[in-house]
Amino acid sequence: MTTLDSANNTSNPAKKRAVVICPGRGTYNKEELGYLQRLHSDKPELIEVIDNYRNQQGQVTISELDQMQQYSMRLHTAGENASALIYGCAMGDFQAINKDEYDIVAVTGNSMGWYIALAVAGALNPEASIELINTMGSMMTDGVIGGQMIYPITDENWCIDHQVVANIKQWLIEANSKEGCDVHISINLGGYTVFGGNKAGLKALEALLPVVQDRYPMNLFNHAAFHTPLLNETSKKAQSLLSPTLFNKPAIPLIDGLGQIWQPHSTDIKALYDYTLGTQVVAPYNFSKAIEVAVKEYAPDKLIILGPGSTLGGAVAQSLISHEWLAMRNKSDFIAMQKKDPFILAMGLPEQRTLTV
């Protein structure tokens, strides 16, 4: 754990201050097929390091996955493929940001996006980045442990419904009281709660959650129960496979899933390793807190969400609304601001991408 270094709060006043947000597992979907080829064919070195590593593991390269004629839910959402593919797309996007216009003051990410954030911030070199990301993404190759389910905790105006939040706590207690049930909060995701648990636990909780918007509670395809105690053995296995020597001190401040800041000069590398392969694997990932810390500690001019996809935009906006950041109190305030002078720039959206590269 680290303290805040005031020296790292300085930035070039001629540039816009930006916090970069790295995406998680569910961001390379059918619409993103070909993202790497379309936008990053000019970055052969980045892609080559990833493809070479995967060749050595006997895995399909991200180039092949990205250039397939058709999107396959089974193939493209499998952890061992999705993680490396999303990393390649996201890192390509980070490299494409116009550094003459933007001063990157901090980096954070959602869930698997934490591993990408480590790479973006320089806490892992390119070879170490793909080793960690591919290893963690491949943990469920022999069978997915448990699952994840997502549920909204806001009203139609994107304001937190505190009664729903209170009810969820009770429903979790009730679900876990049933025989063979094990279910937990996995991710605090802006206006959503993601649950992780075993099959029985998720089924028991699903029966208690009122159906909303005709689609929630929604089970997430091919997702394991990450950020819960069900992954204790996975955490131990990861620590046996991956060495602390892979890690460096970050070059850019990192905000983790507890809202802690890891600074370039004061980061304890062993503590960063322990958090990455220990704490965040088995304990809830508070993405909402990470966004709160990002805006309150760094007062950025923009939040830049790396692609592929743009699904994190809503969760980030909901986090900002919960703190009335920039006087945003609801969904319509956010939409009005985005139309006038967008605060959130999602690189997966062509019209917002042009403002970042």
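The values are calculated or read from the model by the stated rules, or taken from the named source; none is laboratory data. In this text the structure is predicted, and so the values were computed from the model without any measurement. Here the Cβ positions follow ideal geometry from the backbone for every residue, glycine too, while neighbour counts run over all protein chains shown. Ligands, DNA and RNA are stripped out before the accessible areas are found, and what is left, the full protein with its side chains, is counted by its heavy atoms. Shrake-Rupley method; radii C 1.70, N 1.55, O 1.52, S 1.80 Å.
Gain on full extension, evaluated as 0.36 nm per residue between Gln67 and Glu351 minus their Cα-Cα distance, stands at 99.9 nm. For the stretch 292-347, the convex hull drawn through the C-alpha positions has a volume of 77 cubic angstrom per residue. Mean separation of Cα pairs under 8 Å and 6 or more residues apart, divided by the residue count, gives the chain a relative contact order of 24 percent. Summing Cβ point charges (Lys, Arg +1; Asp, Glu -1) relative to the Cα centre of the stretch 66-219 gives a dipole of roughly 440 debye. Taking Lys and Arg as +1 and Asp and Glu as -1, the other residues whose beta-carbon sits under 15 Å from that of Val60 total -2. Element breakdown for the chain at a 1.4 angstrom probe: carbon and sulfur atoms account for 51% of the accessible area.
In terms of the Cα gyration tensor, with a ≥ b ≥ c the square roots of its eigenvalues, is the stretch 72-145 rounded because a/c is under 1.5, prolate because a/b exceeds b/c, or oblate? Verdict is prolate for the stretch 72-145.
For a test of the definition: using alpha carbon positions, the gyration tensor, and the 1.5 limit on a/c, classify the stretch 92-221 as rounded, prolate or oblate. Write out the running numbers ahead of the final one.
Working: a/c = 3.05, a/b = 1.59, b/c = 1.92.
Taking the square roots of the gyration eigenvalues as a ≥ b ≥ c, the stretch 92-221 is oblate.
Short-range pairs are left out: with C-alpha atoms under 8 Å and at least six residues apart, the relative contact order of the stretch 199-357 is 18 percent.
Candidate cross-link partners of Lys199 among the lysines, defined by an alpha-carbon separation under 27 Å and a same-chain spacing of 8 or more, comprise Lys30, Lys169, Lys178, Lys236, Lys237. Expressed in Å, the radius of gyration and Dmax of the Cα atoms of the chain are 19.4, 60.
For a protection proxy built on the mean count of beta-carbon atoms within 10 angstrom, sort 121-130, 300-309 highest first, please.
300-309, 121-130
What the chain shows is 43 Å² of accessible area per residue, with the surface traced by a 1.4 Å probe over protein heavy atoms. Quick one: grab the alpha carbon gyration tensor of the stretch 158-299, order the square roots of its eigenvalues as a ≥ b ≥ c, and give me rounded if a/c is under 1.5, else prolate or oblate depending on whether a/b is larger than b/c. Note, shape of the stretch 158-299 comes out oblate. Close amide-amide hydrogen proximity is noted between Asp103 and Lys16, Arg17, Ala18, each under 5 Å apart and 5 or more residues distant or on a separate chain (H modeled in the peptide plane; Pro and chain starts excluded). Antiparallel beta bridges, as assigned by DSSP with both residues in the chain, represent about 55 percent of the total such bridges.
One Cα centroid belongs to the stretch 155-223, the other to the stretch 269-302; the line between them spans 22 Å.
Neighbours of Trp158, meaning other residues whose beta-carbon lies under 10 angstrom from its beta-carbon, give a summed charge of -1 when Lys and Arg score +1 and Asp and Glu score -1.
Using C-alpha pairs below 8 Å separated by at least 6 residues, the relative contact order for the stretch 167-230 is 32 percent. Take 208-214, 85-91, 134-140 and order them by the average number of nearby Cβ atoms within 10 Å per residue, most first; the result is 85-91, 134-140, 208-214.
Which value in deg cm²/dmol, rounded to the nearest 500, describes the helix-derived mean residue ellipticity at 222 nm for the chain, given -39,500 (n - 2.57) per DSSP H run of n ≥ 4 and division by the residue count?
Only helices count here, giving -11500 deg cm²/dmol.
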